[in-house]
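Written below as structure tokens is the structure these notes are about.
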Amino acid sequence: MNKLVSIVFNLVVLMGSVVLADSESGRYIIVSGEGEVVAEADQISFSFEIETRDKDLEAAKKVNDDKLEKVKEIFKLFTIASEDIKVSSFKVYPHYDYEDGKIKRFEISREVEVTLREINKYEPLIDALIEAEVYDIGGLSYELSNSAELNKLARENALDEARNKAREMAEYYGMKLGEVIYISEGSSPSFFNSFGFGASQARVHTLTMPSDSPMILKGRKTIKASIIVKFELID
């Protein structure tokens, strides 16, 4: 093949763009690559509140403390580690009488966040928490315990795709790939839990409803990586 002379070929493909060029800085090819890894969520995060009310502040706090201790015993029963439990807020609300402006009662609220690493325990755990009279169970989020490893694998797949794409294009013009000039990561992966609310690092691919656990929605997460690589072109 004749040597490329100041010609830029813009080749647009479905999964990204490819550019071959010969400039004063040397001949090169720029390609994009995408990689993905599909995995099933293996842990759940959720939150709930412990609420108590009483005319006496100390009495309201004592009942709230007692409920928290009961909840801690439930967590021990389900072998949930202390690092997977977080009391994220503690609030005291005085309720006033609109006529005389005096305090009628106090409301104390604690919000507790939990990470459950064994999804099959979710339904019986929720039943136990309901019996303990907790409130506002929600904020359900399906997660991947090995997301860092899966992100690394997705990036490797993206790099492989970029190299293969660049090699194919270069060989078509009778050239070979040289050194990598630069690599940049494209748009960040997105994440949605099984209910479609945004988070990070993955997005739902499919959802299934296991017949033996009607309370649980299991979601497959697709972790995506996008990169751009510039290769040197040699004869």
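Computed from the coordinates by the stated procedures, all read-outs in this text should not be read as laboratory data. Keep in mind that this is a model prediction, so the values were computed, not measured. Cβ: placed from backbone, ideal geometry, glycine included. Neighbour counts: every protein chain shown.
Could you run the Karplus curve 6.51 cos²θ - 1.76 cosθ + 1.60 with θ = phi - 60° over the range 113-129 and give me ³J(HN,Hα) per residue in whole Hz, x for Gly and Pro?
My calculation for the range 113-129 gives 10, 10, 10, 9, 8, 10, 4, 5, 8, 4, 5, x, 5, 4, 4, 5, 5 Hz in order.
Among Lys102, Lys91, which comes first, then next, by fewest other beta-carbon atoms within 10 Å?
Result, fewest neighbours first: Lys102, Lys91.
What residue among Gly138, Ser82, Val112 has its Cα farthest toward the positive end of the dipole of the range 43-143, where the charges are +1 on Lys, Arg and -1 on Asp, Glu, each on the Cβ?
So the residue we want is Ser82.
Please list, or write none, the aspartates and glutamates whose alpha carbon is within less than 17 Å of the alpha carbon of Lys230, excluding same-chain residues fewer than 8 places away.
Reachable aspartates and glutamates: Asp22, Glu24, Glu34, Glu156, Asp160, Glu161, Glu168, Glu171, Glu179, Glu185.
Give me Ile130, Ile30 ranked fewest to most by other Cβ atoms within 10 Å of their Cβ, as a rough exposure proxy.
In increasing order of surrounding Cβ atoms, one gets Ile130, Ile30.
At 7 Å along Cα-to-Cβ for each site, give me the label-to-label distance between Lys72 and Ser88 in nm.
Output for this residue pair reads 2.1 nm.
Suppose we keep just the alpha-carbon trace of the range 43-143; what are its Rg and Dmax in angstrom?
15.4, 52
Work out the length of the dipole vector of the range 43-143 about its Cα centre, built from +1 on the beta-carbon of each Lys and Arg and -1 on the beta-carbon of each Asp and Glu, and round it to the nearest 20 debye.
200 debye
What nm value, rounded to one decimal, do you get for the distance between Ile130 and Ile103 when each label is placed 7 Å out toward the C-beta?
Taking the simple label geometry, Ile130 and Ile103 are separated by 3.4 nm.
For Ala41, enumerate residues with amide H under 5 Å from its amide H, sequence gap 5+ or separate chain, H modeled in the peptide plane.
Hits under the 5 Å cutoff: Gly219, Lys221.
Taking a 28 Å limit on the Cα-Cα distance, which of the listed pairs Lys62/Lys102; Lys176/Lys221; Lys55/Lys121; Lys86/Lys121 fall beyond it?
From Lys62/Lys102; Lys176/Lys221; Lys55/Lys121; Lys86/Lys121, over 28 Å: Lys176/Lys221; Lys55/Lys121.
With the crude spin-label approximation of a point 7 Å out along Cα→Cβ, what separation in nm comes out for Asn120 versus Glu149?
Each label point lies 7 Å from its Cα, and together they span 2.0 nm.
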